[in-house]
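The values are calculated or read from the model by the stated rules, or taken from the named source; none is laboratory data. Owing to the predicted nature of the structure, the values given are computational and were not obtained by experimental measurement. Glycine also receives a Cβ, built like all others from the backbone with ideal geometry; neighbour counts cover every protein chain displayed.
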Amino acid sequence: MSHRPATALVIAGALLLPGCSKGDEAVPVACRQGPDAVRAALRDAPGPVTLEGSPLSECIKDTSGGGDLQEIGFTYLSVASRLADAAARDPDGRAAVELGYLMGAFRRSRVGAQGVGHELERRLRSELVRVDRHSPAFRRGERAGRRGG
């Protein structure tokens with residue numbers, strides 16, 4: 001029995017909460033390619049990870065409209081969930097580096113103060129519960145994501 005369908009519904013519902021945005025800056029089109037594109041880009045971690053030149057932190061920011069933040073947030077949560085599953089099985093593996101990078105890039109974006117951003121941060125952190133965040137692989141990825149994600 002998989003918890004993925006239920007988790008996806010909870011994530012989707014949580015991200016539909018009203019968002020607070022500071023402006024209407026458009027999210028780069030490349031950021032809207034979905035989870036497969038983000039996963040493919042993360043293969044470059046801990047090197048620079050971009051979606052057609054846009055760092056992951058530029059894809060998700062407080063200045064994005066609430067709908068943009070929800071869409072990109074759902075993508076990031078989907079990717080984080082899959083990576084966390086793999087990183088839990090192999091704390092020193094590739095998935096741990098990629099998950100660390102994603103989390104570092106999210107932190108670099110400074111999203112999470114309120115509304116949708118806050119809920120997204122809470123959900124991303126909940127994916128880390130089963131992951132060794134002190135593993136060298138996760139930490140290497142996280143440092144790289146904070147620097148250039």
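Being at pLDDT 95 or above, in contact with a Phe, Trp or Tyr (Cβ under 8 Å, 6 or more places away or on another chain) and either among the aromatic types (Phe, Trp, Tyr) or part of a helix (DSSP H, G or I) (or both) narrows it down to one of Leu99, Leu120, so name that one.
Numbers: Leu120 fails: at pLDDT 95 or above.
Of Leu99, Leu120, the one residue that is at pLDDT 95 or above, in contact with a Phe, Trp or Tyr (Cβ under 8 Å, 6 or more places away or on another chain) and either among the aromatic types (Phe, Trp, Tyr) or part of a helix (DSSP H, G or I) (or both) is Leu99.
Against the definition (surrounded by fewer than 18 Cβ atoms within 10 Å (Cβ to Cβ), part of a helix (DSSP H, G or I) and either at pLDDT below 95 or touching a Leu at 6+ places or on another chain (Cβ under 8 Å) (or both)), how does Arg107 come out, yes or no?
Numbers: surrounded by fewer than 18 Cβ atoms within 10 Å (Cβ to Cβ): yes; part of a helix (DSSP H, G or I): yes; either at pLDDT below 95 or touching a Leu at 6+ places or on another chain (Cβ under 8 Å) (or both): yes.
Against the criterion (surrounded by fewer than 18 Cβ atoms within 10 Å (Cβ to Cβ), part of a helix (DSSP H, G or I) and either at pLDDT below 95 or touching a Leu at 6+ places or on another chain (Cβ under 8 Å) (or both)), Arg107 qualifies.
Name every residue in region 110-134 that is buried (at least 24 other Cβ atoms within 10 Å of the Cβ) and either touching a residue at least 60 places away in the same chain (Cβ under 8 Å) or in contact with a strand residue (DSSP E or B) (Cβ under 6 Å, 6 or more places away or on another chain) (or both), in order of residue number.
Val116, Gly117, Leu120
Any chance region 51-60 includes a residue that's free of Cβ contacts under 8 Å to residues at least 40 places away in the same chain and in contact with a Gly (Cβ under 9 Å, 6 or more places away or on another chain)?
no
Residues of region 52-96 being at pLDDT below 95 and either among the aromatic types (Phe, Trp, Tyr) or part of a loop (DSSP other than H, G, I, E, B) (or both), which ones?
Glu52, Gly53, Ile60, Lys61, Asp62, Thr63, Gly65, Phe74, Tyr76, listed by residue number.
Regarding Arg146, is this residue in contact with a Lys or Arg (Cβ under 6 Å, 6 or more places away or on another chain), farther than 14 Å from Arg39 by Cβ and part of a helix (DSSP H, G or I)? First the steps, then the outcome.
Working: in contact with a Lys or Arg (Cβ under 6 Å, 6 or more places away or on another chain): yes; farther than 14 Å from Arg39 by Cβ: yes; part of a helix (DSSP H, G or I): yes.
In short, yes.
Which members of region 1-46 meet the condition of being modelled with pLDDT of 95 or more, surrounded by fewer than 16 Cβ atoms within 10 Å (Cβ to Cβ) and part of a loop (DSSP other than H, G, I, E, B)? Step through it out loud before you land on a result.
Pass one, region 1-46, residues modelled with pLDDT of 95 or more: 35-46.
From what is left, the residues that are surrounded by fewer than 16 Cβ atoms within 10 Å (Cβ to Cβ) are 36, 40, 43-44.
Scanning region 1-46 gives Arg43, Asp44.
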